[in-house]
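The values are calculated or read from the model by the stated rules, or taken from the named source; none is laboratory data. This structure is a prediction, so every number in the text was calculated from the model and none was measured. Neighbour counts run over all protein chains shown; Cβ positions are idealised from the backbone, glycine included.
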There are 2 protein chains.
Amino acid sequence: MNISTKGRYASRAMLELAMRNSPEPVPLKTIASSQRISLKYLERIMTSLAGEGLVISVRGKSGGYLLARPAAKITLDEIVKTVEGDMAPVSCVTDASLCGRSAVCVTRDIWREVEDTVLGVLRSYSLAHLMAREGFARQPDESRDAPDSAPALDTNKQRGE
Amino acid sequence: MNISTKGRYASRAMLELAMRNSPEPVPLKTIASSQRISLKYLERIMTSLAGEGLVISVRGKSGGYLLARPAAKITLDEIVKTVEGDMAPVSCVTDASLCGRSAVCVTRDIWREVEDTVLGVLRSYSLAHLMAREGFARQPDESRDAPDSAPALDTNKQRGE
DNA sequence: TATATTCCTACAATAATGGTAGGATTTAAA
DNA sequence: TTTAAATCCTACCATTATTGTAGGAATATA
Ligand code: FES
Ligand code: FES
């Protein structure tokens, strides 16, 4: 029962992308250093996210990555699923032919329920939700008294694996 | 996101133990062959279940294993947890010191929620539930018309991984 | 005593994870 | 036009986890 570094790195990178909310593409060098993730590894991760249409990649100088949709429309299950691949805790849930007599298997339904439940939890969180948790939640009316020094985000914020 | 063979083998072995409902200890040789699990591997799995008090082991000739409690009182989460170990999808959920700044980490709470949810699903299934799904559900009043020939369970029933 | 069992520990083959390395390609800026 | 900064691609590799196997020691019954 593991969510590998890929899933966690991808989540953190996407969250940072959301928080920066930059109109210009953000280069991975920036995110890699702020999140302390190997650049090369992160490249591969982001490439697959781009392939799935969650981010838009801009090549060439002053290129980088942009969220493909508003942060409120990107949920964790999408991110985790694309980088982790199949989320079924047992392979036969996805492909019944892998197990001998899957038709009569009792536990299979339960593994399936486990998968559905996990994805349900992840689907209930969008990047916007996560941003709100970070304390960047002063959307509607500026009501909360924010610290004067704008929370800079330069040094490794939300570090921690 | 995986439940390894240990968790699945343990579940199937326990289910078979429940279905046999034998007053005499059932030797692993029997279960291993009926479930097509390596005997030596199964030994190790059952030993840890015994250590956790889910089954009772009887050593020596004509020994074997017995459920330590009625099938209705043993849930899947206990089985899976003991053989799989920590079920947290990310290690810092269990031990916060493993992640740098876990105090300010947003995603950590979510990984924790994932773990809780999975365990919740597993906890909602007892061995008795699983037996019922197998069609051995004639508990309360013998109302359902059971096949005359007692369902023998000898050949590999509920095979499939 | 012979036999059938659990218990214990060490080893090993395979697969998955978590990267690194080295470039090729693209594109904006100088 | 050149240079530099970025993504893209693919192959390799080290480490760890998984999934067992092997061989016997301990235990208890018949
Ligand atoms: S059929 Fe795959 S777990 Fe039973
Ligand atoms: S502190 Fe471990 S995931 Fe954030």
Enumerate the pairs (first residue in segment A:86-98 and of a type in the set (S, T, N, Q); second residue anywhere and within 8 Å of ligand 1 (Cβ to nearest atom)) with beta-carbon separation below 7 Å, excluding pairs fewer than 6 apart on the same chain, so at least 6 apart or on different chains. A:Ser91/A:Leu98
Look through segment B:10-44, keep the residues that are touching a Ser or Thr at 6+ places or on another chain (Cβ under 9 Å) and near DNA strand D (Cβ under 10 Å from one of its atoms), and return whichever of them is modelled with the lowest pLDDT. B:Ile37
Scan B:Ile31, B:Ile3 and give me the residue that is surrounded by 19 or more Cβ atoms within 10 Å (Cβ to Cβ), part of a helix (DSSP H, G or I) and in contact (Cβ under 8 Å) with a residue 12 or more places away in the chain. B:Ile31
Taking segment B:51-74 and keeping residues in a helix (DSSP H, G or I) and under 19 Å from B:Met19 (Cβ atoms) leaves B:Ala71, B:Ala72, B:Lys73
Can you tell me which residues in segment B:50-85 are free of Cβ contacts under 8 Å to residues at least 24 places away in the same chain and under 20 Å from A:Met1 (Cα atoms)? B:Gly85
If you check B:Thr30, B:Thr94, B:Thr107, which single one turns out to be over 16 Å from the mean Cα position of the chain (by Cα), more than 11 Å from chain A (Cβ to nearest Cβ), of a type in the set (S, T, N, Q) and within 16 Å of ligand 2 (Cβ to nearest atom)? B:Thr94
Going by the structure shown, is A:Val83 in contact with a Lys or Arg (Cβ under 6 Å, 6 or more places away or on another chain), aliphatic (A, V, I, L, M), closer than 30 Å to B:Val121 by Cα and within 14 Å of chain B (Cβ to nearest Cβ)? yes
If a residue has to be at the interface with chain A (Cβ under 8 Å from one of its Cβ atoms) and closer than 17 Å to A:Ile110 by Cβ to count, how many in segment B:110-119 make the cut? 4
Using the structure shown, decide if B:Gly120 is away from DNA strand C (no atom under 16 Å from the Cβ) and either modelled with pLDDT of 90 or more or part of a helix (DSSP H, G or I) (or both). yes
Scan (1) within 16 Å of ligand 2 (Cβ to nearest atom); (2) farther than 18 Å from A:Ala128 by Cβ; (3) crowded, with 20+ Cβ neighbours inside 10 Å for the single condition A:Arg12 breaks and write down its number. (2)
